[in-house]
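To start, the structure itself, in structure tokens.
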Amino acid sequence: MSLFQKNKSKDKYSAVWVSHSSMGDFLKCHRAYYLKNIYKNPETGKKIGIVSPALSLGSAVHEVLENLAKYKAEDRAGVPVFEQFDKVWQQFSGKKGGFLNIDEEKMMKERGMEMLHRLKDNMSPLLQKTVKLKEGKNGMPPNYFLSEEENIILCGKIDWLIWKPEDDSLHILDFKTGKNEENEDSLQLPIYALLLHALQKRKISGAGYWYLDMEDKPRDMTLPSINESYEKVIKIARKVKEIR
């Protein structure tokens with residue numbers, strides 16, 4: 001059976017959804033996975049939102065970059081990203097962002113501004129044409145059935161996809177706002193490879209992590225094969241389903 005066989009009769013709302021973040025929670029701590037991805041407040045019926053200064057910083061920077069991708073490639077150098085960051089930051093200011101005091105918030109905001117300065121000083125990767133994966137229905141992130149038989153759906157958003165017109169290929173660019181490097185066993189690139197293989201037709205010519213807190217340019221990464229990616233991701237996804 002094809003890894004990407006589709007069956008429209010499947011009910012996506014009854015499926016087990018997995019992503020890089022949810023499987024990362026699962027691998028770190030099953031209880032943390034339950035609290036963030038399954039448990040709902042009995043009074044509101046909604047999931048619990050967990051905030052932290054690092055998460056707020058990353059969310060604010062990524063929101064600015066997501067907005068930047070909406071501009072034409074030739075216009076991006078002139079986008080007022082610092083003004084946009086100030087505006088976005090208001091969503092995370094104070095207790096909303098998990099900050100204990102003004103000094104902690106100031107320090108994290110300054111880190112965000114430094115990341116954007118680094119990006120503005122090294123804009124060439126972002127001045128190339130880009131494409132985006134189409135969102136799922138009802139505003140859901142891009143997704144597909146990782147396994148129809150087991151009713152497991154893989155979903156995820158890719159930060160930036162550079163289009164290479166010379167060979168009509170895509171280059172993955174993922175922005176990192178934390179101080180730690182991505183683990184060698186990370187599921188992120190395998191998930192990206194699977195999503196792109198399933199949801200669009202262009203070949204993938206490369207991938208890079210851009211550690212905005214410490215490096216002036218993206219770091220080239222090696223993409224695993226599709227079969228290797230599938231085996232790695234489905235193994236964890238099955239464990240998630242079993243525990244649920």
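Here is how the numbers come out for the structure above:
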item: Those lysines that a straight Cα-Cα span of less than 17 Å connects to Lys137, excepting residues fewer than 8 apart in one chain; result: Lys6, Lys8, Lys10, Lys12, Lys157
item: Among the listed pairs Lys46/Lys201; Lys46/Lys179; Lys28/Lys120; Lys36/Lys95, those beyond 28 Å (Cα-Cα); result: Lys46/Lys201; Lys46/Lys179; Lys28/Lys120
item: Cross-link partners of Lys47 among aspartates and glutamates (Cα-Cα below 20 Å; sequence separation of 8 or more within a chain); result: Asp25
item: Accessible area expressed per residue, the stretch 112-162, with surrounding protein chains retained (probe 1.4 Å, Å²); result: 49
item: Amide H contacts under 5 Å for Trp17, placed H, 5+ residues apart; result: Ile153
item: Span per principal axis, largest first, for the Cα atoms of the chain (Å); result: 54, 49, 33
item: Paramagnetic reach from His30 (point 7 Å along Cα→Cβ, amide N under 18 Å) across the stretch 216-244; result: 235-244
item: Charge dipole (the stretch 46-170, unit charges on Cβ, about Cα centre) - positive-most of Ser124, Ile158, Gln90; result: Gln90
item: Fully extended contour minus Cα-Cα distance, from Lys87 to Glu231, at 0.36 nm per residue; result: 47.6 nm
item: Choice from Gly136, Gly24, Gly58 showing the highest fluctuation, given a GNM over the chain with Cα pairs closer than 10 Å; result: Gly136
item: Relative packing of peptides 192-202, 138-148 - highest average C-beta neighbours within 10 Å first; result: 192-202, 138-148
item: Summed side-chain charge close to Ala193 - residues other than Ala193 whose Cβ falls under 14 Å, Lys, Arg +1, Asp, Glu -1; result: 0
item: Fraction of beta bridges assigned by DSSP in the chain that are antiparallel (%, nearest 5); result: 60
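The values are calculated or read from the model by the stated rules, or taken from the named source; none is laboratory data. Remember, predicted model here, so these are calculated numbers, not experimental data. Virtual Cβ from ideal backbone geometry, glycine too; neighbours counted across all protein chains shown. We work out accessible area using only protein heavy atoms, side chains counted, and drop any ligands, DNA or RNA first. Shrake-Rupley method; radii C 1.70, N 1.55, O 1.52, S 1.80 Å.
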